[in-house]
Amino acid sequence: MAVTADNSGTGSGVRRPAGSGTGEPGVFGAWSTADEVLRGIDLSGRLALVTGGYSGLGREATVALARAGARVVVPARRPAVARTALTGIDGVEVDQLDLAELDSVRAFAERFLASGRGIDIMMNNAGLMACPQTRVGPGWEAQFGVNHLGHYALVNLLWPAIRRGRGARVVVLTSRAQHGAAIRWSDPHFSHGYDKWQAYAQAKRANVLFAERLDVLGREVGVRAFSVHPGYILTPLQRHLTRDEMVAAGWVDADGNLVNAEFKTPQQGAATQVWAAASPRLAGLGGRYCEDCAVVDHPTDPDGAARLWALSAELTGIDAFAGPA
């Protein structure tokens, strides 16, 4: 199971060293860091919005984008916690946003649009993984609701600002858990038979389909979208897992130390999402699935992507691309 969650400082002996990319200038790999990927890229005058940009991979992405010159907006469910976590990082601002509540998503979008600014990089980073059965908003299953529907609503409501961006890119975090997963079209909210990993896989599949459809809808105005699997990383995303579960999965030992050599550091884990957001190598591309700072061959599903978009519009009552009634 592909995961991301925070236990930095343990198990460092099994992690690949920072800076161990391919060694070829401008070409990066599984062990490249976010800073390495953005080295030489000037994002001055660009605005990035990173959901969950104050913890785990999101914080590493925020720091790297800010160091490259971008102004970074971090919408946060816990703004006070976010401001503390981002203290000392220039060019970052924090605002209130709860992706589980449509009223909160609408309020944030209204505040942002009132500023008149455009969005050059939109990073759908925040999420839940393998949580107990939980209902959010109008009764949505929490992982589908937060990981997909909340971000779907946010992107659609912010669409005027994204269109104003200069060749904006929307980067959607997913997971290898989505491979082989399917949308439960008749019961996406698991009204029966809830399984936390199946619900996670469905949400991550939805992330891929969302990026695929958004790219089709947005490319005529220069907006491109990518889905990104960051790799195996320990970050706070694993907060709903017990130590015993992680031991059984072969990720950590009984003391919580990493024992799986596939796990990256958070800095390495954030590399692919900032690469997808800013690499000139992706100019003219979109709707693609990325891993380890590379575009990966991945089957597309245009019919499923369009169907999910229609379902999301129905569930949220929001669709920036709907034609006149």
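The values are calculated or read from the model by the stated rules, or taken from the named source; none is laboratory data. Everything numeric here is computed off the predicted structure, so don't read it as measured data. Here the Cβ is made from the backbone with ideal geometry for all residues, glycine too, and neighbour counts use every protein chain on show.
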- Query: Cβ-Cβ below 7 Å, separation at least six or inter-chain, first residue in segment 147-162 and under 20 Å from I183 (Cα atoms) and of a type outside the set (K, R), second modelled with pLDDT under 95 and outside any helix (DSSP H, G or I): which pairs?
  - Reply: N147/G127; N147/L128
- Message: So S186 passes all but one of these: (1) surrounded by fewer than 22 Cβ atoms within 10 Å (Cβ to Cβ); (2) in contact with a Lys or Arg (Cβ under 9 Å, 6 or more places away or on another chain); (3) among the small types (G, A, S); (4) within 19 Å of A310 (Cβ to Cβ). Which condition number does it fail?
- Response: (2)
- Can you name the residue in segment 287-319 that is of a type in the set (V, I, T) and either modelled with pLDDT under 95 or part of a loop (DSSP other than H, G, I, E, B) (or both) and, of all such residues, is surrounded by the most Cβ atoms within 10 Å (Cβ to Cβ)? I318
- Message: Return the residues of segment 140-183 that are surrounded by fewer than 22 Cβ atoms within 10 Å (Cβ to Cβ) and of a type in the set (K, R); say none if nothing qualifies.
- Response: R163, R164, R166, R176
- Query: List, please: which pairs have Cβ atoms under 6 Å, are six or more places apart or on different chains, and start with a residue in segment 33-50 that is farther than 15 Å from T272 by Cα and end with one that is among the acidic types (D, E) and part of a loop (DSSP other than H, G, I, E, B)?
  - Reply: R46/D120; L47/D120
- Item | Considering residues of segment 54-111 that are part of a loop (DSSP other than H, G, I, E, B) and of a type in the set (A, V, I, L, M, F, W, C) only, the residue nearest to Y152 (Cα to Cα) | L99
